[in-house]
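Taking it in order: structure first as structure tokens, then the write-up.
The values are calculated or read from the model by the stated rules, or taken from the named source; none is laboratory data. Being a predicted model, the structure only gives us computed values, none of them experimental. Here the Cβ is made from the backbone with ideal geometry for all residues, glycine too, and neighbour counts use every protein chain on show.
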């Protein structure tokens, strides 16, 4: 039996389609992702907390879901929108259908609307607050709820997705996450990395473990003294959801640790590192979300195709002198990478761990490893 579902935007636009997930009503920021595949990784990425995701590719769900392609224990997004949900899961790894997976995890989902029209509206007007409902189907009521919903700016969503206690990570990359013939390129030395988890994708920790690192995952609320108790060789700053500016506790911790440890930040971790250095951030009109985002490596001149998921960026006009732009997003020229002039600290505004996405930027994990090695074995004077 087909169930009606509606999406209402704060500008008064209403889309009517069919539900294929859980019943209910949710609010969130309505955004879009341009990936053709990788929907299970998107669903389980904690960075999507508080958002209703629209997939631009017209057919989603054709290869079903499985127990391996997940980036956290459960989906974190508010709602999910597709043009068409595939009724058949046709893949030898599939253990179930997308619709059943969404219903199991309580995710409200909508299909059968003109996703092109929705994406064009978001690109024109910017990401908007919205309501997705299978219960209240009155247009005026839904629009009013969308207008009064909270939105993302000024909210600390990190607190909603961080782990409750420290974790000693022991899982490496699966064979599905590697290219044919690819082997691990870790060091003969063992390095201990403390990862501050602000909503970390699991494939990040897998990459670090695959390089031979011992990885201790701490909640993003950990203090500098909490981190130093573990005597780490390096500090990793993870991705995470929402606005970085309210995450003041992490900004303070990073500022205290940066002079003491090599630092590598991804996405929200990139923004938090920049804020700890005195930079400022701003909200993008509709964000960067997809597995096909071009980035220029300013040091090598090479263009990397990257996976991205963020709605905020570092403001280049307010960038302190001690930060150097190392990467640039070629779609809008925003900052996509930074390094510190004095400390062995760097960050990127994209996902080198992919999952899903290109493998162009995996060298960044090796760069982090090299920084830890250089600090452990300083170059003798005179060389």
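When the criteria are applied in full, residue 47 fails the requirement of being at pLDDT 95 or above, out of contact with any helix residue (DSSP H, G or I) (no Cβ under 6 Å at 6 or more places or on another chain) and over 30 Å from residue 269 (Cβ atoms).
Just one of the listed residues (345, 370, 354) is buried (at least 18 other Cβ atoms within 10 Å of the Cβ) and either over 17 Å from the mean Cα position of the chain (by Cα) or closer than 20 Å to residue 283 by Cβ (or both), and it is 345.
Taken together, 117, 109 contain a single residue that is crowded, with 21+ Cβ neighbours inside 10 Å, at pLDDT 95 or above and over 29 Å from residue 171 (Cα atoms), which is 109.
Among the residues of segment 215-235, those that are in a strand (DSSP E or B) and under 20 Å from residue 164 (Cα atoms) comprise 215, 216, 217, 218, 219, 235.
Restricting attention to segment 265-323, the residues that are under 21 Å from the mean Cα position of the chain (by Cα) and on the phi > 0 side of the Ramachandran plot add up to 3. Please find, within segment 173-190, the residue that is modelled with the highest pLDDT out of those that are within 24 Å of residue 75 (Cβ to Cβ) and surrounded by 12 or more Cβ atoms within 10 Å (Cβ to Cβ). It comes out as 173. Identification of strands (runs of 3 or more DSSP E) wholly contained in segment 296-383 with 1 or more residues that are at pLDDT below 95 and within 20 Å of residue 31 (Cα to Cα) yields 303-314.
Right, residue 103: within 21 Å of residue 17 (Cα to Cα) and touching a residue at least 60 places away in the same chain (Cβ under 8 Å) or not? In short, yes. Hey, could you check segment 16-60 for residues that are part of a strand (DSSP E or B) and farther than 28 Å from residue 293 by Cα and say which is nearest to the chain's Cα centre (by Cα)? Selected residue: 26. For segment 191-202, state whether one or more residues are surrounded by fewer than 16 Cβ atoms within 10 Å (Cβ to Cβ), over 30 Å from residue 53 (Cβ atoms) and modelled with pLDDT of 95 or more. Yes, that holds for at least one residue.
When segment 138-163 is filtered for residues that are in contact with a strand residue (DSSP E or B) (Cβ under 7 Å, 6 or more places away or on another chain) and either within 20 Å of residue 248 (Cα to Cα) or surrounded by fewer than 14 Cβ atoms within 10 Å (Cβ to Cβ) (or both), the ones remaining, listed by number, are 151, 152, 153, 157, 160, 161, 162, 163.
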